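The values are calculated or read from the model by the stated rules, or taken from the named source; none is laboratory data. What you see is a predicted model, and the numbers here were worked out from it, not measured in a lab. FYI the Cβ positions are ideal-geometry reconstructions off the backbone, even for glycines, and counts take in every protein chain you see.
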Amino acid sequence: MTNKSAPFLFSCALAIVLSASALAQQSSDPNFNPHVEHPAYTKNFPRVLFDEAHNNFHTTTGHYKPFVDLISAMVITSRLIASLSVKSHCKRLSFCDCKCAWAEDMDDEGADKPAFTEQECDAVSEWVRNGGALLLIAGPCPFRRGCSDSGKRFDVGMSKGFVFDPDHSAPDNPTLLIFSRENKLLVDHPITQGRNDSERVNKVQTFTGQALKGPQGATQLLLLAATAKDQTDPMGGEKKSVAGQAQGLAFKFGKGRVVMLGEAAMLSAQVSGPKIFQWV
C-alpha cells in the first residue's frame, strides 16, 4: 500500500495487471475515501480502460474497486470485456488494465499458460512504441506466467517467484516488503514525488510479489535491497539473490512510457478476515 497516492500523470497509458494477493474472506475496503483534492484533469478527460477479458482476478467491481474509484475522480473509466485489441480501443486512453490475467479459469488445466496471445502482445508493444503509456502489474505464482511474454516485449525479466527480505519487511513477516524514504528503497521519480508535497509518496508496502529486472535506463521505483531473495515455492526451496532488482520500474519505450510493478496489492485498499482488519 502507499500512505500517499500520487496520481498517474500519463497522457495516454495502458495498464495490464496480473497478480494474486488474496486470502480467504478478503475484499475491497468499503470505507476507502477516493477523494482527490486537486484532480489532474478538470476537462478533456483521458479514458481509462480496464481489461476483464482474460479470467482476471482483480476487477473493477472487486478487489480493485477502490483503485478504480480513485482514478475515476480524475479520468473516464471503462471496462474491456472482449479480446484485448489496443488498436480498436486506444485512440484516447490513459491506461488499460488486465488484472491478474489467466489463460484459463484458475482451477483449469493450462491456467499457468500465457494469458495473452502473441498478437495481443504485439499490439500492446506496438501501441506503446507509437506513444501509448502502459501500466503492467505482474504478480507472483500462479499469475506470473500469465504476463511473462508481455514483459519480454519490453525487455523486462521476471523472476516468476516470491521475494523475501527479512531486513526490509514488516515484523515477523519477511514477505510484507517495505519500501520507504527512510530505508532508501523508494526511489525519487515524478510518480513517487507527485506534483507537490501533499502527493509525495513516503512508503509503499507490498505482499510477496516477484522481482523485475528492467531494460537499460529504467528507473527502479521500488528497489530490492542486498538482502532480498527470491524462491519459486513460498513454503521453501532454493533461494536466489535478487539484489539490485526491483518491484517497480519506469522507463521510456519508443515514443511511449511504461511502468511495471511486481505486485498488485500495493494499488488496492482491502480488508481481510472475520474481524475485518485493514489488509493494505
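Considering (1) farther than 29 Å from residue 132 by Cα; (2) at pLDDT 95 or above, the lone condition that residue 237 does not fulfil carries the number (2).
Residue 196 fulfils the conditions (1) buried (at least 16 other Cβ atoms within 10 Å of the Cβ); (2) over 15 Å from the mean Cα position of the chain (by Cα) except for a single criterion, (1). The condition (being hydroxyl-bearing (Ser, Thr, Tyr), closer than 30 Å to residue 39 by Cβ and in contact (Cβ under 8 Å) with a residue 24 or more places away in the chain) is satisfied by just one residue among 232, 219: 219. Count of region 171-200 residues, restricted to those that are under 18 Å from residue 249 (Cβ atoms), part of a strand (DSSP E or B) and in contact (Cβ under 8 Å) with a residue 40 or more places away in the chain, is 2. Residue selection: residue 180 fails the criterion of being more than 18 Å from the chain's Cα centre (by Cα), under 28 Å from residue 71 (Cα atoms) and of a type in the set (Ser, Thr, Tyr). On the stretch given as region 201-220, residues that are part of a strand (DSSP E or B) and farther than 14 Å from residue 245 by Cβ total 4. Suppose we filter region 26-74 for residues that are in a loop (DSSP other than H, G, I, E, B), touching a strand residue (DSSP E or B) at 6+ places or on another chain (Cβ under 7 Å) and of a type in the set (Ser, Thr, Tyr); how many remain? Qualifying residue count for the region: 1.
Quick grid of which residues meet (1) modelled with pLDDT of 95 or more; (2) basic (Lys, Arg); (3) out of contact with any Phe, Trp or Tyr (no Cβ under 9 Å at 6 or more places or on another chain):
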{"position": "187", "(1), (2), (3)": "yes, no, no"}
{"position": "194", "(1), (2), (3)": "no, no, yes"}
{"position": "199", "(1), (2), (3)": "no, no, yes"}
{"position": "205", "(1), (2), (3)": "no, no, no"}
